[in-house]
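Just so it is clear, none of the values below were taken in a lab; they were calculated from the coordinates. Computed from a predicted model, the values in this text were never measured in an experiment. Positions of Cβ are backbone-derived with ideal geometry, glycine not excepted, and every protein chain shown enters the neighbour counts.
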Amino acid sequence: DEATVEGLRWKYHDPERLKDAEWRLSLLSQLDDAIDCGQVWVAYQPQLDLRTNRMRGAEALARWTHPEKGPISPSEFIAAAEQSDRIEKLTFFVLDHAVAAAAAINRDHGEFHMAVNLSARMLSDKTLPSRVREILDRHGLDPARLTLELTETAELSSGADIGPLFDLRDLGIRISIDDYGTGLSTLEYLKKIPASEIKIDQSFVKSMRDHRSDLVMVQSTIALAHSLGRTVVAEGVESREILDMLVAMKCEIAQGFVVGRPSSLNDLSKRLFGERKRRAA
Ligand code: C2E
Ligand code: MG
Ligand code: MG
Ligand code: MG
């Protein structure tokens, strides 16, 4: 009917939408080159072990500094890359840097965990486990020091082959369920994914002091995770108050601005050296 056709016409001629679609498409076409010429780099955000009050490790987060546009948020280029095979190159780029960094830090400081994000799309690559293993071997990192964070997506809940996840786990790599609580069928997912860790989404953590329903979500997720023998990481911990609440709730690990912002490897190393010096003093 006329109204719908008009609506569509309006939608596709909306200059903002068009610009947005074009922008994403052009980003996507530039991503491979951006990786090759050093515009893409890896930031590391510390994770605090609440049981020992020591830095347990870090999460590797992709960063793109565009020569003209400046920093581009992962939310802008990752979603687009995940719709295509470009996510593969990015994933291995980040993995290679993060594993090398973790191996170096482990040599200097001992026990250090590295978490790297893995798109569900990557699971369709049957060579994934052997490629990850090759990277670990090449840099000499114990597989037990690597966690792969997987976000629940529609394709995962609709029965994608998760066989490679079991192979990765059998290599000794830890699997973490990222952004827990925001997915579509979280309980079923929890049952079938061989994860040793659950990462509670920041949307619950940030507001759990002010919203009782978020507090209840965090509490019950921790209880559920613990009864299944899984470790809990809270993300988006922005205040000391929330940190203290998480300690009281027996959450094992905290990640967020109050613990530390994502930073360069150099800054992360400096911080680790600082902590070691303070402990020795
Ligand atoms: P994520 O894996 O859930 O990562 C956590 C995001 O929360 C990061 O955003 C981090 O900078 C941000 N964050 C951490 N602490 C706080 C806090 O206290 N408050 C607030 N407001 N935010 C906090 P970032 O770096 O923008 O990354 C966004 C998402 O992009 C990530 O969410 C992850 O899903 C994806 N991503 C990033 N790097 C990669 C990558 O190398 N591969 C893949 N597949 N995805 C990636
Ligand atoms: Mg993550
Ligand atoms: Mg997350
Ligand atoms: Mg998140």
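Across region 29-40, coupling constants 3J(HN,Hα) worked out from phi with the 6.51/-1.76/1.60 Karplus curve, θ = phi - 60°, read 6, 9, 4, 4, 5, 4, 5, 5, 9, x, 7, 9 Hz, and Gly and Pro carry x. Helix content alone sets the calculated 222 nm mean residue ellipticity of the chain: runs of n ≥ 4 DSSP H residues at -39500 (n - 2.57) each, divided across all residues, give -16000 deg cm²/dmol. What the Cα atoms of the chain give is an Rg and a Dmax of 20.1, 77 Å.
Of all DSSP bridge pairs formed entirely within the chain, close to 40 percent run antiparallel.
Among GLN255, GLN45, GLN83, the largest mean-square fluctuation in a Gaussian network model of the chain (Cα springs under 10 Å) belongs to GLN83. For THR65 and LEU224, a Förster radius of 35 Å and the Cβ-Cβ distance give a FRET efficiency of 0.30, rounded to the nearest 0.05. Placing a label point 7 Å from the Cα of LEU171 along the Cα-to-Cβ direction, the residues of region 191-215 whose backbone N falls under 17 Å from that point are 194-196.
Along the axis of the charge dipole computed for the chain (Cβ charges of +1 for Lys and Arg, -1 for Asp and Glu, origin at the Cα centre), the listed residues ILE105, PRO194, LEU90 are led at the positive end by ILE105. Among LEU246, LEU187, LEU141, which one shows the biggest mean-square fluctuation in a GNM of the chain, springs joining Cα atoms closer than 10 Å? Maximum among the listed residues: LEU187. Close amide H contacts of GLU152 (hydrogens built in the peptide plane, cut-off under 5 Å, sequence separation of 5 or more or a different chain): ASP178. Here the chain is assigned +1 on the Cβ of each Lys and Arg and -1 on the Cβ of each Asp and Glu. Its dipole about the Cα centre then comes out at about 1380 debye.
One chain, two ends: GLU275 and ASN53. Fully extended at 0.36 nm per residue, the span grows by 78.8 nm beyond their Cα-Cα distance. Here the dipole of region 130-199 is about 180 debye; that uses its Cα centre as origin and unit charges on the Cβ of Lys and Arg (positive) and Asp and Glu (negative). Distance between the modelled labels on VAL216 and ARG133, one decimal in nanometres: 4.7 nm (7 Å Cα→Cβ projection).
Please report the relative contact order for the chain, taking Cα pairs under 8 Å with a sequence separation of at least 6, and give it as a percent rounded to a whole number.
Relative contact order, the chain: 17 percent.
Derived scalar couplings between HN and Hα for region 68-83 equal 9, 8, x, x, 10, 5, x, 4, 7, 9, 5, 4, 5, 5, 5, 7 Hz in order, rounded to whole Hz, by the Karplus curve 6.51 cos²θ - 1.76 cosθ + 1.60 (θ = phi - 60°), x for Gly and Pro.
Of the residues THR231, THR127, THR151, which exhibits the maximal mean-square fluctuation in a Gaussian network model of the chain defined by a 10 Å Cα contact cut-off? Judging by the Gaussian network model, the answer is THR127. Here the peptides 165-177, 60-72 are ranked by packing, the mean other Cβ count within 10 Å, and the order with the highest first is 165-177, 60-72.
Starting from the Cα gyration tensor of region 138-281, take the square roots of the eigenvalues, sort them a ≥ b ≥ c, and report rounded, prolate or oblate (rounded when a/c is under 1.5, otherwise prolate if a/b is larger than b/c, else oblate). It is oblate, given that a/c is not under 1.5 and a/b is not larger than b/c.
DSSP bridge analysis restricted to region 52-199 gives an antiparallel fraction near 15%, rounded to the nearest 5.
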